[in-house]
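The values are calculated or read from the model by the stated rules, or taken from the named source; none is laboratory data. This one's a predicted model, so the numbers in the text were calculated from it and none came from an experiment. Glycine also receives a Cβ, built like all others from the backbone with ideal geometry; neighbour counts cover every protein chain displayed.
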């Protein structure tokens, strides 16, 4: 007899439905491990390096289940004496991660360019115009 859990959507579906960062697709790579929350309502993709767990792609679940997924994942890492590091946490989740003792840092800039408000004129954007010219040749 089969159970409903066996019919959980594949990880690709979670990345598509709930991914909020550009690296959410990394969960589909062959070398990833998966932590499924209770009833398979959410998943975290990660890779291990010794006792370090590197989670990429964020909390792939509905917003109302994010805290439960994080709490269960941290219980898993604690039970297995692992240290978790997350990459590319969306702004909306920062407070949740801080609530659970994570420290955050910002590396780089947001990968979003507001094209409706951006003007590529002037010397400060000369490099962009050069790149466009090079690519179109």
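Counted as qualifying within segment 65-137 are the helices (runs of 4 or more DSSP H) with 1 or more residues that are within 17 Å of residue 37 (Cα to Cα) and touching a residue at least 40 places away in the same chain (Cβ under 8 Å), namely 66-79.
Checked against the criteria, residue 21 does not count as surrounded by 15 or more Cβ atoms within 10 Å (Cβ to Cβ) and either in a helix (DSSP H, G or I) or at pLDDT 95 or above (or both). Any residue at all in segment 26-47 that is assigned to a helix (DSSP H, G or I), crowded, with 18+ Cβ neighbours inside 10 Å, touching a residue at least 24 places away in the same chain (Cβ under 8 Å) and touching a helix residue (DSSP H, G or I) at 6+ places or on another chain (Cβ under 9 Å)? Looking through segment 26-47, at least one residue is assigned to a helix (DSSP H, G or I), crowded, with 18+ Cβ neighbours inside 10 Å, touching a residue at least 24 places away in the same chain (Cβ under 8 Å) and touching a helix residue (DSSP H, G or I) at 6+ places or on another chain (Cβ under 9 Å). The one condition from (1) surrounded by 10 or more Cβ atoms within 10 Å (Cβ to Cβ); (2) at pLDDT 80 or above that residue 91 does not meet is (1).
Residues of segment 48-64 being part of a strand (DSSP E or B) and surrounded by 12 or more Cβ atoms within 10 Å (Cβ to Cβ), which ones? The answer is 48, 52, 53, 54, 55, 56, 57, 58, 59, 60, 61. With respect to the conditions (1) touching a residue at least 24 places away in the same chain (Cβ under 8 Å); (2) surrounded by fewer than 16 Cβ atoms within 10 Å (Cβ to Cβ); (3) part of a helix (DSSP H, G or I), residue 13 lacks only one, and its number is (1).
Across segment 24-37, the number of residues qualifying as under 22 Å from residue 64 (Cβ atoms) and at pLDDT 90 or above comes to 4.
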